[in-house]
1. So which lysines pass the test for K461, namely a Cα distance under 17 Å, with those fewer than 8 places away in the same chain ruled out?
2. Can you give the extra length, in nm with one decimal, that the chain gains between Q104 and T391 once fully stretched, where that is 0.36 nm per residue apart less the Cα-Cα distance?
3. If you take every residue apart from E401 with its C-beta less than 9 Å away from the C-beta of E401, what net charge results, scoring Lys and Arg +1 and Asp and Glu -1?
4. Using a Förster distance of 35 angstrom, determine the FRET efficiency expected from the C-beta separation of Y456 and K236, and round it to 0.05.
5. Please compute the net charge surrounding L204, taking Lys and Arg as +1 and Asp and Glu as -1 over other residues with Cβ under 15 Å from its Cβ.
6. Give me a comma-separated list of calculated 3J(HN,Hα) values for region 217-222, in order, Karplus coefficients 6.51, -1.76, 1.60 applied at θ = phi - 60°, integers in Hz, x for any Gly or Pro.
7. Rounded to a whole number of µm²/s, how large is the Stokes-Einstein D of region 27-105 at 10 °C and 1.306 mPa s, given Rh as the Kirkwood radius over C-alpha pairs?
8. Tell me the label-point distance for the pair L246, S190, using the 7 Å Cα-to-Cβ offset, in nm and rounded to one decimal.
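The values are calculated or read from the model by the stated rules, or taken from the named source; none is laboratory data. Since the structure is predicted, the reported quantities are computational estimates derived from the model, not experimental observations. Note: ideal-geometry Cβ built from the backbone for every residue, glycine included; neighbour counts use all protein chains shown. Each accessible area value is taken on the protein alone, full model and side chains, heavy atoms only, with ligands, DNA and RNA left out. Shrake-Rupley method; radii C 1.70, N 1.55, O 1.52, S 1.80 Å.
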Amino acid sequence: MGTKMNFDILTLFPEMVENGLNTSIIGRAKEQGIISIKAHNIRDYTKDKHKKADDYPYGGGAGMLMQAQPVYDCFLSVKESIEKEGKKLPRVIYVTPQGKTFTQSIAEEFAKEENLVFLCGHYEGIDERVLEEIVTDYVSIGDYVLTGGELPAMVMIDAVSRLVDGVLNNEESAQTESFHNCLLEYPQYSRPEEWRGKKVPDVLLSGNHKKIKEWRLEQSEQRTKERRPDLYIKYKKLKKCEKYLLNNKLHHMDMIELLRRGNAEILYFEKDGVLLKDKNSGAYMLTVTDRENGERIISYIKEQPEVFISHQEFMNDFISQKFGMNNETECVQWVYTRKETLPINKDLKIQKLDKEHADEVIAHYYTLCDETYVNERIKNGVMYGIFEEDTLAGFIGMHNEGSIGMLEIFEEYRNRGYGKALEAFYINLHLKQGFTPYGQVISDNNISLKLQESLYLYPAKEKIYWLVKK
Ligand code: ADE
């Protein structure tokens, strides 16, 4: 299981939040200790003898304002207990209609944190000076005004919690994600087969899974087009871009999977090339027809990327120079194109790794990545280990941008088929999640190249190049 997620809410109405987040899935997750939700009463921190936490605004105007001091002291108390546990300064989210609008991708970003602090306003708001002092994110739940920040905080906590590893059970998380690929969910039906003269669509009773899948996609598309034309435009662009990249499927699988898994920001897409940014890692991926167009496309990047994955060698020196990258690694991309899962010996013990294994993994993993990266991969629940009795013998993981990698078998456990078993396990896992499994191997790593072949992965003819600052 991943790390526990802790929410602290600074509010004048703690009972509202506590009662609202005590039932159903969130209540269960709290009981299981996967998340913690603590509401702190701002009023407990006022120095006013009448317990007052608000006052009139300077300059006049309607209503009362929450004062800076009680909010600040309440925050300091929360901050102190987080620091006592040796954790980093938390993000502090002020829920306000004046913030950016909360979306699924913000929920995903928040879910990566270990601690989140929510500040709920009331009346006409909060004294600006304390906001300047403590707030890191201003977030709204939509363009309408509520009486206080408690409901918005609860909305966000619910959306973030369900992304935390272990909060949803298998059945619950098997539900496909609504917004991931810019499509709304298809309609669903349960018993009885006929209700008030309305019949369940025949195709759903047919048992033909291929047909059912096609029907559901059609319904999703139609529904999105009617109800969310804005999303539908994005969806069409995604599909067109995917089709373009499929012209060389093996070479572009990293870019295709980034799009399919809902992690790509399309920065450029025309017939001369595609430029994507990975929303998770911030890495850029580029494929182009020629150098001149490539240089023009790259000028769309307005920041200094840390990682650039170039799909044409002729672009490498230009990219490296422009962004000050001094390390280039040539890789072969491998893709598992089959639909069937691979057989794995059931007696082998393969398990998700957690924090306790971090040091051992770091001690054995030298290639390209640092300690912070390994810790973050483990925290994200994407690293698995193979065990002999209770001793770790090797591990594998998913990289930030989605490829299978980080495979390492400890020296004394080699030549027992453990590497192959771990990779087969990860391939099966990705197939189950509806992904196309792929990986990238440094061009001269012959042992790994052989392993890929033995697992029925196909290599792309054209190489890809990882350009990084070292
Ligand atoms: N407080 C009042 N209205 C709000 C909204 N729409 N989003 C976040 N916080 C709020």
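1. Cross-link targets: K249, K450.
2. Between Q104 and T391, full extension yields an extra 99.5 nm.
3. Result for the neighbourhood of E401: -3.
4. 0.55
5. +1
6. Along region 217-222, the couplings run 4, 4, 4, 4, 4, 4 Hz.
7. 101
8. Each label point lies 7 Å from its Cα, and together they span 3.5 nm.
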